């Protein structure tokens, strides 16, 4: 694995795309997808390092991240549904009852 | 064919977590088979007894040092001290929740198991000595808190609080994980002790870009959880929207858990980089204190006042962290425990004064409380004095140790800024007192009913805010013992 750098660059680019998406998108579900993209970029980093260093800790960490992401998706979508029931919208610009 | 050999693990360090998880699952089952729509008070009582039992179990482990699960979980005094803090926060929250949930019409039995699961997550964060364990604990805590913040499904504000907390919380988790991945890449391990060993062998750890970036990104994730500026933007909205008992819980428990994990990571794994991280924490402490206190000055909603005050309190604790010496760190432990008492106590009074639908939640609505309900006003005054840091309360002693830690370390300016901030904060606490004592009552407060559980919570909170202020050694000695092995 001499080309560790290319894996790291790909995951850094994916992470940045996710971050920009979270900051610019208005749809709660798209924002959530962008967060998932960030988490998977992290997974890629872990797996790349794990292969490069020749130890399995990173890959085990990835399994935990995937499990947690699934639980987070369940809770997150439920919250979005509850919000939609009250507001008929999943646009984050409608999250406006309380001022920053 | 060889049998897979199952390694023998010592379960002692995670016994309290196992006990609480089993209890939470049992409560969920009881709730399913109980007649729907009825009284749920018995769930609160069972949870409270369970929490007290867990506290006894945790307390009996004081003085032990047991590593288990191949060095990814540890039972030591540091973990024990923080676990007691979380249990205090959860116990008081359970006591004040029941009546409130009934009034707001969202008396779902799932509330208590969720609180218990959140405590399990916090406990794992405090005793985890591996980035994986800490991450898992953090997520168990966060995911349950997203639900708790949005618990009142029919209430639009609660919906918004849950959604906002979830989106921003998951976002910050991404940054924290990326930081952990970079630390793993730089050191080749996720065990904190091994990271310390490897970083200790580096000739110049601060010039290792991977490690430095990893440290900063991890710090970002935790700064979000403890509501430190500039990652505090979610706090006022989530605190205002969430059901009040959950706000009380969120301001005490997760903040302490965030500090526990942050202290463990920085003091165990990265002590060789203290010069770097204490500079970052210095700036963060000043920003957090100032932003919290200045913004709190012009708030009218009392939950928002306490939300900004909770940001400011994270700033005071960061002062002790930036100092990084024994006095400062023991100060953090002391402060987190006494903050749980005084803050949840203050929220208990807010719950009593508020009416259905969370109306009556402004500072002005406290007008004349002293003439109609003198005892409640006195109790609230004790909490506010403690939050403001006046002697002879626990808040004063806590701040004293945090700031003197900074002075000992030569951060004179940091301590000065802290004291100035503390003085500014007196304004908005006194404002509530002025309304309670000096304004004419506009209401009769006839709806205020102090039930037995709430009275018990208030008595415990008052004791917890006053006794450590008069006899600091009751907590401080333990706090000092707790940080010895770090």
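The values are calculated or read from the model by the stated rules, or taken from the named source; none is laboratory data. Since the structure is predicted, the reported quantities are computational estimates derived from the model, not experimental observations. Counting neighbours? That spans all protein chains shown, and the Cβs are built from the backbone with ideal geometry, glycine included.
Just checking, which of B:215, B:180 is buried (at least 23 other Cβ atoms within 10 Å of the Cβ), under 22 Å from residue A:50 (Cβ atoms) and within 9 Å of chain A (Cβ to nearest Cβ)?
Values: B:215 fails: within 9 Å of chain A (Cβ to nearest Cβ).
Step by step, each of B:215, B:180 is checked, and only B:180 is buried (at least 23 other Cβ atoms within 10 Å of the Cβ), under 22 Å from residue A:50 (Cβ atoms) and within 9 Å of chain A (Cβ to nearest Cβ).
Here's the yes/no breakdown for (1) crowded, with 24+ Cβ neighbours inside 10 Å; (2) at pLDDT 90 or above:
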| position | (1), (2) |
| --- | --- |
| B:204 | no, no |
| B:209 | no, yes |
| B:228 | yes, yes |
| B:238 | yes, yes |
| B:243 | yes, yes |
Original post:
Of the numbered conditions (1) free of Cβ contacts under 8 Å to residues at least 12 places away in the same chain; (2) within 7 Å of another protein chain (Cβ to nearest Cβ); (3) closer than 22 Å to residue B:144 by Cα, residue A:95 satisfies every one except a single condition; which is it?
Top reply: (1)
**OP:** Give the residue that is nearest to residue A:73 (Cα to Cα), with candidates limited to residues of segment B:143-160 that are assigned to a helix (DSSP H, G or I) and either within 8 Å of chain A (Cβ to nearest Cβ) or in contact with a strand residue (DSSP E or B) (Cβ under 8 Å, 6 or more places away or on another chain) (or both).
**Re:** B:143
**OP:** Name the one entry in B:173, B:133 that is under 15 Å from residue A:61 (Cβ atoms), part of a helix (DSSP H, G or I) and either touching a strand residue (DSSP E or B) at 6+ places or on another chain (Cβ under 6 Å) or more than 9 Å from every other protein chain (Cβ to nearest Cβ) (or both).
**Re:** B:133
Original post:
Of the residues that make up segment B:442-452, is at least one closer than 19 Å to residue B:379 by Cβ and either part of a helix (DSSP H, G or I) or modelled with pLDDT of 95 or more (or both)?
Top reply: yes
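Of the residues that make up segment A:81-88, is at least one modelled with pLDDT under 95 and on the phi > 0 side of the Ramachandran plot? Steps first, answer last, please.
Here is the first cut: in segment A:81-88, the ones modelled with pLDDT under 95 are A:81-88.
Filter once more, keeping what is on the phi > 0 side of the Ramachandran plot: A:88.
Yes, because at least one residue in segment A:81-88 is modelled with pLDDT under 95 and on the phi > 0 side of the Ramachandran plot.
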**OP:** Would you confirm whether any residue within segment B:158-167 is touching a helix residue (DSSP H, G or I) at 6+ places or on another chain (Cβ under 8 Å), under 30 Å from residue B:61 (Cβ atoms) and crowded, with 24+ Cβ neighbours inside 10 Å?
**Re:** no
Subject >> Test: residue B:228 is more than 10 Å from chain A (Cβ to nearest Cβ) and closer than 19 Å to residue B:162 by Cα >> reply: no
Original post:
How many residues does segment B:1-28 hold that are modelled with pLDDT of 95 or more and touching a strand residue (DSSP E or B) at 6+ places or on another chain (Cβ under 6 Å)?
Top reply: 0
Original post:
Do you know which residues across segment A:1-53 are more than 10 Å from chain B (Cβ to nearest Cβ), surrounded by 14 or more Cβ atoms within 10 Å (Cβ to Cβ) and farther than 30 Å from residue A:78 by Cα?
Top reply: A:7, A:10, A:51
Original post:
Out of all the residues in segment B:416-430, is one or more assigned to a helix (DSSP H, G or I) and more than 22 Å from residue B:305 (Cβ to Cβ)?
Top reply: yes
Original post:
Could you say whether any residue in segment A:56-69 is more than 7 Å from chain B (Cβ to nearest Cβ) and in contact (Cβ under 8 Å) with a residue 24 or more places away in the chain?
Top reply: yes
**OP:** Check whether at least one residue in segment B:105-114 is surrounded by fewer than 24 Cβ atoms within 10 Å (Cβ to Cβ), farther than 21 Å from residue B:476 by Cα and under 17 Å from the mean Cα position of the chain (by Cα), and report yes or no.
**Re:** yes
Original post:
Taking residue A:55 and the conditions (1) out of contact with any helix residue (DSSP H, G or I) (no Cβ under 7 Å at 6 or more places or on another chain); (2) more than 25 Å from residue B:151 (Cβ to Cβ); (3) in a helix (DSSP H, G or I), which numbered condition does it fall short on, given that it satisfies the others?
Top reply: (3)
